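The values are calculated or read from the model by the stated rules, or taken from the named source; none is laboratory data. Given the structure is predicted, the values throughout are model-derived calculations rather than measurements. Heads up, the Cβs are rebuilt from the backbone with ideal geometry, glycines too, and the neighbour counts pull from every protein chain shown.
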Amino acid sequence: MEELYIKDSATHRGVPIIRDESHEILIEYIKKTNPKHILEIGTAVGYSGMAIIKNCSGKLITIEHNSNLVKEATQNFKDAGLSERVQIINDDCLVQVALMVADDKYNEYFDFIFLDGPKAQYQNMIDGLMMLLKSGGTILIDNVLFRGYVDGSVKAPTKRFKTITKRLKSFIDDFMNRTDIKNAKLIELEDGMIVATKV
Ligand SMILES: C[S@@+](CC[C@H](N)C(=O)[O-])C[C@H]1O[C@@H](n2cnc3c(N)ncnc32)[C@H](O)[C@@H]1O
C-alpha cells in the first residue's frame, strides 16, 4: 500500500523512479538471489529500495546526494517499519564508492548491487562497484538504453542527450566485454537493464 502511494507521489512530482516492468525484474532477481548485503546507487524516495528490502532478508545500503530526497526516503522506510535493515548515505556516490573500495570491510562484501544513479558516471563507478561485489554476486544496472536513444529505437538524441547517449553506448560495450562477469544479459524493455553475475 505504502509503495503505491510513494510511487504515485514521486511520479506526480517528477522524481525519477524505476519503471513498472523493471521494478518486477528487480524483485525477481532479489527473490531469486536472496542477498544478505545489498548496495543501491540512487535512493530517490526509497521506492526501489523498498522493493529490495521487502523481498529479501538482507540489509540495504543506499546512496543519494539529494538531502531532501534522503529525508523523504528515511521517513518512507520508517513508516514502513523497515529502517532497521536500511542505511541511507547522504553523499555523492562516486565519493562513497571510492571510500568503500579503500575500506577492506567492503572488499567483495555485497551479494547484490543495484546501479540506478547518475548515468553519466556509470563508467567511472563500475570498476569500483565490481570490487565491492562478491564472487557469485549479482549486479543489476538500470536505464542503460536511456529512453531508446542508445539502441536507436527512438530517433537520434537531441543535442542535450547526445553526450550521455554516447557514454552509455560505450559503457554497455565495455561492460558486456568484461572478463570478471558471466551470464550478462541486456534486458531490452522500458529504459533497458543489464544483469550479470561476478565470476
Ligand atoms: C533514477 S533515480 C533513482 C530511483 C530509485 N532507485 C527508485 O527506483 O526508486 C537516480 C537518483 O540518483 C541520484 N543521484 C544523481 N547523481 C548522484 C550522485 N552523484 N550521487 C548520489 N546520488 C545521485 C538522484 O538524485 C536520483 O534520486
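Scanning segment 96-117 for residues that are part of a loop (DSSP other than H, G, I, E, B) and more than 8 Å from the ligand (Cβ to nearest atom), which turns out farthest from the chain's Cα centre (by Cα)? Here the residue is ASP103.
Regarding segment 38-53, can at least one residue be identified that is within 21 Å of ILE194 (Cα to Cα), surrounded by fewer than 22 Cβ atoms within 10 Å (Cβ to Cβ), at pLDDT 95 or above and β-branched (Val, Ile, Thr)? The answer is no; no qualifying residue exists. Checked against (1) under 17 Å from THR62 (Cα atoms); (2) of a type outside the set (Val, Ile, Thr); (3) assigned to a strand (DSSP E or B); (4) in contact with a Ser or Thr (Cβ under 8 Å, 6 or more places away or on another chain), LEU140 meets all criteria but (4). If you check ARG178, ARG160 for being in a loop (DSSP other than H, G, I, E, B), free of Cβ contacts under 8 Å to residues at least 60 places away in the same chain and basic (Lys, Arg), only one passes: ARG178. Among the residues of segment 80-91, not a single one is at pLDDT 95 or above, within 15 Å of PHE175 (Cβ to Cβ) and within 13 Å of the ligand (Cβ to nearest atom). The residues of segment 1-42 that are within 13 Å of the ligand (Cβ to nearest atom) and hydroxyl-bearing (Ser, Thr, Tyr), listed by number, are SER9, THR11, SER22.
Helices (runs of 4 or more DSSP H) fully within segment 1-95 that include at least 1 residues being of a type in the set (Ser, Thr, Tyr) and in contact with an Asp or Glu (Cβ under 8 Å, 6 or more places away or on another chain): 20-33, 47-54.
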